[in-house]
Amino acid sequence: MFGVYAPEHDVARLAYFALYALQHRGQESAGIASVQAGHIMTQRELGLVSQVFSEQSLRALQGEMAIGHVRYSTTGSSAWENAQPVHRSDRRELALAHNGNLINAVELHAQLRERGVGFRSTSDSEIIAALLSTHEADRVEDAIADVMPRLKGAFSTVVMTRDGVVAFRDPAGLRPLCLGMVGDRYCVASESCALDIIGAELLREIQPGEMVSLGERGIETRQVVTGHRQAFCVFEHIYFARPDSRLEGNRTQVSRRKMGEILFREAPVQADVVIPVPDSGNPGAAGYSKASGIPQDDGLIKNRYVARTFIQPGQELRRHGLRMKFNPLPEVVSGKRLVVVDDSIVRGNTTRQIVKMLRDAGAAEVHMRITAPPIRHPCHYGVDMSTREEMVAHGRTVEEIAQELDCDSLAYLSLDGVYEAIRSTRATHCDACFTGDYPLEGTADAANGKFALEDELPLVGA
Ligand code: SF4
């Protein structure tokens, strides 16, 4: 997600490259909206950023400001209607991009429909857009300040009207959102890697519960909601964010290397070579190798042109994605005792197949080391981890998981180890997918399945 107000820049091109750097956050659809002479223009399509936009389409998106989004589905299917930015013109015209997931989407949707508000999509993001575009306040900032306390869940959001761009973040700060400066203008992005690519400087993170307006007069900020428990997603540090992004003052790559070092301290093993599962396990393997003195080598080669399997929806696609993805090097692994490092295990399909591939290539022993605790609970705040039943750690001890994956040993980094690596504590983070301890009240009983709104409102043509 990205937003910029910069009349003297090519804002559509800035948005394009920012989204290009954020491609890992969503690969189902991409979109950019811009404002030119008081009109909002939107282009959004299913596909990758590089497939969706051309020179010609970017030229048609000229303007003073722009917002953009890459999507993978959490609430709402991956249909075109759910691609973002959402564009609505009720009382006011606006475009909106949202990263996260509302846990009271069904309730808000019902309230809006009772008021006669119609919807074109089944995403929770259109609910936020509808609340703001139908709001009677004259300024969109006042509408946001009124609506924010009614939204429950994760929402890093950017809204654009013909007057400016406004970004706001949920009071727990579940998903990331940072503020940058490009020339003497301001921009916002989900991660700092999007600022680097456009030559923008990272100023700071948008605070949980804060709203920041970007416009002709620079920025204005307002702390709309205070006093909530902060709960930044710890899985962003472990897996989701790009390694060159900065999160909470930590370079993600450095945190992940540290996780590997701590994992060796917690779970050492006698072995000949450390190999990463590329690319997700690279920094963890480097840390494990450094701490243990066991040399690191590339025993698995990854096809760089296959999209990451984790965020392609559906079991069948995931399995196909994996078969195309890795190839072991017998010269590195044959006859060796291997420590194989990865950053997480969700369903276990990837790990199981990797272990088999390595054994088939002649590995003498395969010891899996994971730089995160076992994932046993679904995420309700915007990361598609599938159901509890599909998770390999669900209802299994670590020994049972090791048997299931057919490895000689398996060890996970402790939660304390994760927090040591990111130099912080549980008090300000969400770690619910590991602990089941959801930081927001009402999460467990929220009727927020991925297709919750589709049950209410069948999607035309889907
Ligand atoms: S449940 Fe896990 S993935 Fe979801 S927000 Fe919390 S830590 Fe992040």
Of the residues in the range 79-96, how many are crowded, with 24+ Cβ neighbours inside 10 Å, part of a loop (DSSP other than H, G, I, E, B) and at pLDDT 95 or above?
-> 1
Matching residues in the range 118-173 - criterion: being closer than 20 Å to I103 by Cβ and among the β-branched types (V, I, T) | T122, I127, I128, I144, V147, T157
May I ask you to list pairs of residues, at least six apart or on different chains, whose Cβ atoms are under 6 Å apart, with the first in the range 221-236 being in contact (Cβ under 8 Å) with a residue 40 or more places away in the chain and the second being charged (D, E, K, R) and in a loop (DSSP other than H, G, I, E, B)?
-> V234/D431
Selection count where residues are farther than 21 Å from N327 by Cβ and surrounded by fewer than 22 Cβ atoms within 10 Å (Cβ to Cβ), scope the range 263-285 | 6
P439, sole failed condition from (1) within 21 Å of M259 (Cα to Cα); (2) near the ligand (Cβ under 10 Å from one of its atoms) | (1)
Criterion (away from the ligand (no atom under 16 Å from the Cβ), polar (S, T, N, Q), closer than 18 Å to I144 by Cβ and not in a strand (DSSP E or B)) met by exactly one of T221, T226 | T226
Taking I197, is it within 20 Å of the chain's Cα centre (by Cα), at pLDDT 95 or above, more than 16 Å from the ligand (Cβ to nearest atom) and assigned by TED's automatic domain parsing to the domain that holds Y16?
-> yes
In the set S409, S386, which member is within 17 Å of L358 (Cβ to Cβ) and either surrounded by fewer than 20 Cβ atoms within 10 Å (Cβ to Cβ) or not assigned by TED's automatic domain parsing to the domain that holds G260 (or both)?
-> S409
Selected residue (only one of A432, A393 is within 16 Å of the ligand (Cβ to nearest atom), within 19 Å of the chain's Cα centre (by Cα) and under 29 Å from R71 (Cα atoms)) = A432
Over the range 181-202, the set of residues in contact with a Phe, Trp or Tyr (Cβ under 8 Å, 6 or more places away or on another chain) and not charged (D, E, K, R) is Y186, C187, V188, A189, S190, A194, I197, I198
Quick one: which of G382, G362 is within 15 Å of the ligand (Cβ to nearest atom) and in contact (Cβ under 8 Å) with a residue 12 or more places away in the chain?
-> G382
If we scan the range 38-57, do we find a residue that is modelled with pLDDT of 95 or more, in contact with a helix residue (DSSP H, G or I) (Cβ under 8 Å, 6 or more places away or on another chain) and farther than 24 Å from F155 by Cβ?
-> yes
Hits in the range 349-368 - residues which are surrounded by 19 or more Cβ atoms within 10 Å (Cβ to Cβ) and under 13 Å from I401 (Cβ atoms) | T351, V355, M368
In the range 414-429, how many residues are within 14 Å of the ligand (Cβ to nearest atom) and either under 15 Å from D343 (Cα atoms) or among the charged types (D, E, K, R) (or both)?
-> 5
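The values are calculated or read from the model by the stated rules, or taken from the named source; none is laboratory data. These numbers come from a predicted model, not from an experiment. Ideal geometry is used to build each Cβ from the backbone, glycine not excepted, and the neighbour counts take in all protein chains shown.
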